[in-house]
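What follows is a set of notes on a single structure, which appears directly below.
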Amino acid sequence: MPYATSGQARIAYATHGPESSSDGAETLLLIMGLGGSGAMWWRLLPHLAREHRVITLDNRGTGESSAATGPLTMGVMANDAIAVLDAAGVAQAHVVGASMGGMVAQHVALDHRDRVRSLALACTTAGGPSGPPNLRLLAATFLRPLVGPQRTSPLVAPALYSDRTRHQRPALMAQDLARRLRDRVGLFTPWAQMAAIARHDTRARLGELADLGVLVLHGTEDRLVPVDRGRALARAIPGARLVEFPDTGHILSTDAEDEVAAALLGHVARHARGGGRRAPRDRAAAG
């Protein structure tokens, strides 16, 4: 696995799909959320890498990257993402972030605008006051280093998945858990990342993204980051396109895999090199 150097840290990354930009292939950079490495993009990768070069990175403290030795910031993680693009020889990429990764992606676009061709923000928020934290996630975050993801999974599942998935498609959750059990996550990583999440607030700067193609994806049953937060994020970015997925919770790629993949592929096609004009804002529901 190749590595990028970011400060004193080594950031592991992997490339998937076409190696060149021929035949309309674009480059996507995928940034995962709390307590997950780049391997946790496994459901969407087959869809995206079939047509495009896809780069996944292991956030600090996950996978093969250096450990998270103290509280993290969004700026540090954004710099890690840019270091990966540098190491991979990529001048610009379509940046896709999920949950905490969507927060990091916002900072990448705001602080390194020239490196971002388009932006896709899934199940995430601009930050700021958001009411009391989700107690299930909070408990699972603090317990996971002590008892492991297998024992905390039942606690946090209602906050992550839709009712339909939990009651009618439990095999999908079992597949996710099996992958998560194999994922390497440092002992202090969830706490270090939560420190960055607590300080994340881009609300005053989102207007700077007016000339960038932005897609906001959100599930209507998201209990961790309620859909109103996604709507507010889309409203704050001039020209952003909002797509809501009914009967879908926080883990979009599990609750609505095909629909989310189609939305992302359409977004990339819309903002490909030499592509057409940006699609207008809408609130179309996929699914």
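The values are calculated or read from the model by the stated rules, or taken from the named source; none is laboratory data. From a predicted model like this one, the values you see are computed outputs, not experimental measurements. No Cβ is skipped: glycine too gets one built from the backbone with ideal geometry, and neighbour counts run over all protein chains shown.
Entry remark, the range 218-235: residues being closer than 22 Å to LEU110 by Cβ, out of contact with any helix residue (DSSP H, G or I) (no Cβ under 6 Å at 6 or more places or on another chain) and not in a loop (DSSP other than H, G, I, E, B) number 7 in total. Please indicate, with yes or no, whether at least one residue in the range 192-202 is among the charged types (D, E, K, R) and either closer than 16 Å to ARG60 by Cα or assigned to a loop (DSSP other than H, G, I, E, B) (or both). No, the range 192-202 contains no residue that is among the charged types (D, E, K, R) and either closer than 16 Å to ARG60 by Cα or assigned to a loop (DSSP other than H, G, I, E, B) (or both).
Scanning the range 196-220 for residues that are loosely packed, with under 15 Cβ neighbours inside 10 Å and of a type in the set (Gly, Ala, Ser), we see that the one that is nearest to MET32 (Cα to Cα) is ALA198. Within the range 173-186, the set of residues being among the hydrophobic types (A, V, I, L, M, F, W, C), over 19 Å from the mean Cα position of the chain (by Cα) and at pLDDT 90 or above comprises ALA174, ALA178. Any residue at all in the range 12-21 that's of a type outside the set (Asp, Glu), part of a loop (DSSP other than H, G, I, E, B) and within 20 Å of ALA262 (Cβ to Cβ)? Yes.
ALA9 fulfils the conditions (1) surrounded by fewer than 23 Cβ atoms within 10 Å (Cβ to Cβ); (2) under 24 Å from LEU72 (Cβ atoms); (3) at pLDDT below 95 except for a single criterion, (3).
Restricting the first member to the range 32-48 and to residues that are more than 18 Å from LEU160 (Cα to Cα) and among the β-branched types (Val, Ile, Thr), and the second to residues that are modelled with pLDDT of 95 or more and not in a helix (DSSP H, G or I), no beta-carbon pair is closer than 8 Å while six or more apart or on different chains.
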